[in-house]
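Below is one structure; the comments refer to it alone.
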Amino acid sequence: MTYQIVVVDDELPALGEMEDLLKEEVLAGEVVLFSHAEHALEWVLRHEPDIVLLDIQMPGINGLAFAERLLDAKSMIEVVFVTAYNQYALQAFELSAVDYILKPVKPERLSRTLQRIHSRRLGQMRPDHHKLNPNVADAHITMDIENQQAKAIPSIFSLGRLKIEAPSGLLKWRTVKVEELFAYLLLKGSASLDQIINDIFPNSDPNKAKAYVHTCVYQIRRAVVEVSLQTYIHVTYTDRMYKLILSDIWHDRELFMNEKIESSDIKALEEMSSLYRGDWCEGLDGMWMTTHREEIRDRYLWLLEDMVDLNQKQGEYRKALASIRKLMKLDPWNEHYASLMTELYVENGEKTRAKHFVQEYQDQYERELGESLSEGWYQRIHTIFEDEVASTQE
C-alpha cells in the first residue's frame, strides 16, 4: 500500500530534497510538488491526496492558514508540517496536524511519520502513538529538536544557535544581551569597556551602558557557576579589559575555521560541513557580528562547492545534488548554482526534472528580483541540454 503525497514549499531546493527522501520510502507512491501555496491548495482540494507535507513560512497564504482551510473542507487528508521553525508547534497540533518535523529532515524521522500515518489508517496503531493533545499537561510533542547526550568534555556550539553543554545540562542565558556579550567575548577574546559599549549598547546612555555591561558580566559568571563550568569558562577584568578564558572545552567554530583539510578528501569535507548548523550565533543581530558570519558562511560554501565537484567527478550525482541544494538555500539566486543543479539533474538521468527546475527557477527569479536572468545563463542551460542530446546519440 502506498500513499499519494503532496509537498508544498516555496524553496525549490527544499522541494527537491524532500522528493529525493520520498523516493526511498516504501509507503510513498505518487509525489506531487508545489512551490506556490495557492496553486497547491486549489489542486489538493480538487484531487484529495492522502498526505500533505507543508512548509509554514511561505509568501501569500502561509502553512497554518493553508492547513486550516484544507482541513475544514477535507478533514481526512493527513497534514504534516515540515519547517525550520519550532515556535508554531502548538498551533500546528491545534489544527489537528499529524506531525511537526523540523528541517533539515532526516530520513528516519520522515519514515517514522509515514509509518505512523500508515498504522493509524490500518487501525493497528499502538496506544502510545496516538496523536496527543498539546493542551493536556503531560502532553509531549515529538519533534526533531537536537537532544544530545551530556559529554564528559563541555562543548560550545556557535554554528547555529549559541549553546553551551555541560555534563549537568545546558547553560541558560538570562537575557539576550547577556548571550550577546558572551558571543562578543567568544569572538574577540578580550575587549575594553568602551569597545563593548560601542558595539553592544551603541544607543544607550554611557552611564547606564556601563551598568548594563557589569550586570551582563555578572549574569555570565552566575550562569557558568549554575552548570558547574567555572573551571572551564572564566570572565576576568584586568588592565581595564574584559577577557574570556576557555580551558579544556570543545568549540565547533574553532574546529570548523581552523582545521586544515584537503579539498580532495570527501570524507573530511562531509564531516567538517556537518558542523555547520546555521549562521554563527543565529538569533543574535548585532552589527558587529556581520563580518564574522560572512567569513564562516564563505568557508561553508567552499566546503560544499568542493563536495559537489568531487561527487560530480566520481559520478555520485545524488550526493552532489544534496550539496548543491544546500548551496542554493544560502544563495538562491546564484546563477552558477542553478545551472550546476540543472547539469547534475541531467547527468543523473532526470532530464524532465531538470526542465521543470529551470522553469520554476526562471519564474521565481523574475518574480522575486523583478529582472530576467542573464543571457549567459540561458546559453549555459542550452549547452547542458544540447550536450545531453549529443551524448545520447553517440
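The values are calculated or read from the model by the stated rules, or taken from the named source; none is laboratory data. Note that the structure is predicted; figures quoted are calculated from it, not measured. Cβ sites come from the backbone with ideal geometry, for glycine too, and all protein chains shown count toward neighbours. Note: areas computed on protein heavy atoms with side chains; ligands, DNA, RNA excluded. Shrake-Rupley method; radii C 1.70, N 1.55, O 1.52, S 1.80 Å.
If we keep just the residues of region 248-259 that are open to solvent by less than 70 Å² (accessible area, probe 1.4 Å) and in a helix (DSSP H, G or I), which is farthest from W280 (Cα to Cα)? Restricting to residues being open to solvent by less than 70 Å² (accessible area, probe 1.4 Å) and in a helix (DSSP H, G or I), the top hit is L255.
In region 202-224, the qualifying residues are those that are among the polar types (S, T, N, Q) and modelled with pLDDT under 90, and the one that is least open to solvent (accessible area, probe 1.4 Å) is S204. Hey, can you tell me all the residues within region 22-39 that are small (G, A, S) and in a strand (DSSP E or B)? Scanning region 22-39 gives A28, G29. For region 40-63, a residue qualifies if it is assigned to a helix (DSSP H, G or I) and crowded, with 18+ Cβ neighbours inside 10 Å, and the qualifying residues are A40, L41, V44, G63. The residue list E350, E316 contains one member that is out of contact with any Leu (no Cβ under 7 Å at 6 or more places or on another chain), open to solvent by less than 30 Å² (accessible area, probe 1.4 Å) and at pLDDT below 95, which is E350. Each residue in region 299-313 was checked for being open to solvent by 60 Å² or more (accessible area, probe 1.4 Å) and over 12 Å from L327 (Cβ atoms), and 1 of them qualify. On inspection, D50 fails the criterion of being farther than 21 Å from E19 by Cβ and charged (D, E, K, R).
Applying a threshold of 6 Å to beta carbon distances and a minimum spacing of six or more residues, or different chains, the list of pairs starting in region 301-327 at a residue that is more than 18 Å from L15 (Cβ to Cβ) and ending at one that is among the polar types (S, T, N, Q) and crowded, with 22+ Cβ neighbours inside 10 Å reads L304/S323; M307/S323; V308/S323; K319/N311.
Quick one: in region 231-247, which of the residues that are out of contact with any Phe, Trp or Tyr (no Cβ under 6 Å at 6 or more places or on another chain) and outside any strand (DSSP E or B) is modelled with the highest pLDDT? This residue is Y232. Of all the listed residues (R277, R299, R240, R221), the sole one being of a type in the set (K, R) and under 21 Å from P167 (Cα atoms) is R221. All of E282, E294 fail the test of being open to solvent by 60 Å² or more (accessible area, probe 1.4 Å), out of contact with any Pro (no Cβ under 9 Å at 6 or more places or on another chain) and not in a loop (DSSP other than H, G, I, E, B), apart from E294. For region 71-116, the tally of residues that are part of a helix (DSSP H, G or I), open to solvent by less than 10 Å² (accessible area, probe 1.4 Å) and either modelled with pLDDT of 85 or more or within 15 Å of P49 (Cα to Cα) (or both) stands at 4. Taking residues in region 358-383 that are of a type outside the set (S, T, Y), and partners anywhere that are open to solvent by 70 Å² or more (accessible area, probe 1.4 Å) and not in a helix (DSSP H, G or I), the pairs with Cβ atoms closer than 7 Å and at least 6 places apart or on different chains are E366/S372; L369/W333. Scanning region 25-35 finds one or more residues that are under 19 Å from E108 (Cβ atoms) and loosely packed, with under 15 Cβ neighbours inside 10 Å.
The condition of being in contact (Cβ under 8 Å) with a residue 60 or more places away in the chain and surrounded by fewer than 13 Cβ atoms within 10 Å (Cβ to Cβ) does not hold for V227. In the set (1) free of Cβ contacts under 8 Å to residues at least 12 places away in the same chain; (2) in a helix (DSSP H, G or I), F66 fails one condition alone, (1). The listed residues are L102, L110, and the only one of them that is in contact (Cβ under 8 Å) with a residue 60 or more places away in the chain and within 22 Å of K326 (Cα to Cα) turns out to be L110. For D199, the conditions (1) open to solvent by 60 Å² or more (accessible area, probe 1.4 Å); (2) in contact (Cβ under 8 Å) with a residue 12 or more places away in the chain; (3) of a type in the set (D, E) all hold with the exception of (1).
For Y378, the conditions (1) among the hydroxyl-bearing types (S, T, Y); (2) in contact with an Asp or Glu (Cβ under 6 Å, 6 or more places away or on another chain); (3) surrounded by fewer than 17 Cβ atoms within 10 Å (Cβ to Cβ) all hold with the exception of (2). Within region 1-21, the set of residues being touching a residue at least 40 places away in the same chain (Cβ under 8 Å), in a helix (DSSP H, G or I) and buried (at least 18 other Cβ atoms within 10 Å of the Cβ) comprises L12, P13, A14, G16, E17, M18, L21.
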